[in-house]
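What follows is a set of notes on a single structure, which appears directly below.
Just so it is clear, none of the values below were taken in a lab; they were calculated from the coordinates. Please read these numbers as outputs of a predicted model, since none were measured by experiment. No Cβ is skipped: glycine too gets one built from the backbone with ideal geometry, and neighbour counts run over all protein chains shown.
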Amino acid sequence: MRSTLGEQSAFIYGTHPHRLSSRRKPRRWPLVFRFIKGAIHGAILLPVCLHAIFTAFVVWLDQYVFDTVGLPSSIIPSLSIVVGLMLVFRNQTSYNRFWDGRNSMNNLTTCIRNLVRIITTNSYSGSNAQLGNPLTAAEKQDIERTIRILMAIPYAVKNHLRAEWGAAWATPSLGDDVDKSGTTVYNPVYAGLLPEGLQGHEDEGLGLPYQLTFFVDGFIKRGVDRGWFHAPGASQMQAQLNSLLDAYGKMETIRLTPIPIAYLIHMKQVLALFGCVLPFAMVDDMDWWAIPIVSLVIFTLYGIEGIGLQLEDPFGYDRNDIKMDAIVGDAKTELDVVLDEWRRLVGSVEGLGGANEEGFVPSELFLKRA
């Protein structure tokens, strides 16, 4: 008898839910000492250095050229309030885009889970099963193809959001996208997921995720005709498919709607002007100490602005972006297990002649195996 949960070592050395998404590396150094991986120091190094050089120039003028170039320090609080409000708005807006993108990706995977669950638990309980007739080879192939198309949709959405057009087909480094026999050659990531001979239309303006939903919609119609789904059930599946497209559209909106350029220009100019005024307000009181103090302030302000810049488009490859590759990989692993269990269940049903003595086909997946 197989253990219900499996051996503990299987979870340590094998796989588990969210294995890729929850992967954590042990921290060798506290976060306060991290300056490269996951940090934005490289992006703000240039403005910090430029403001430090400008501050040194102001201090030199104050010390050796003029009697004083200082300004009243009272002007700093009023300017810092304006800068603070702008940075708060900038970061809040960017994080909202990050959070909405993650929620939309979760809604997409939830809709796919629901569709796979409905398909696997209802696609063999129609009139044929009631009469003791097992699924035909064509019907089983149709079910598996639809489930694999649903597996491919998160990959297609990920590549679509990253503007990686044609990612489903073999890249030039892997060879042409059509072999000698004229059969379509897919990228290894998509191998076995997309329908054989699928022709993409991304070069004509049709996104692959939207194109794949037509196959799922066609399967729902065929399921109704075969008696697998009644009208309310088919309507629920259509609602899940519509919700899937809605989540996909929201992520597209985030990707294609950047922060208005007028705001970004003004934000950069305000930060630069504040950094240029700051040395004049500190030079009289701090002399050469104004250089590290101004550098620290500029490091803080430009760092906040740099974080907002990274979160503005959360679907890329930055360490602070949404873990799209991990989320998609975990979803495929999960659906692979469901598909394997469905095959096992269909095989056991066919071994019983398609139905038991009462003419009922068992609909429970993941029963204990002897």
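Data for the structure
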quantity	calculated
Burial order of peptide ranges 36-46, 157-167 (average beta-carbon count within 10 Å, highest first)	157-167, 36-46
Two-site FRET efficiency, H201 against T15, from Cβ-Cβ distance with R₀ of 35 Å, rounded to 0.05	0.50
Diffusion coefficient, µm² s⁻¹, Stokes-Einstein with Kirkwood Rh over alpha-carbon pairs of the range 22-87 at 37 °C and 0.692 mPa s	206
Of K158/K332; K37/K158; K250/K323; K37/K332; K25/K332; K140/K221, pairs whose Cα-Cα distance is over 20 Å	K37/K158; K37/K332; K25/K332
Euclidean distance between Cα centres, the range 239-306 to the range 69-99, Å	9
Label point 7 Å beyond Cα of D100 along Cβ direction - residues of the range 308-323 with amide nitrogen under 19 Å	308-316, 321-323
Charge context of S104, other residues only, Cβ under 10 angstrom, K/R +1, D/E -1	-1
The range 38-351: equivalent-ellipsoid semi-axes (sqrt of 5 x gyration tensor eigenvalues, Cα, Å)	59, 20, 15
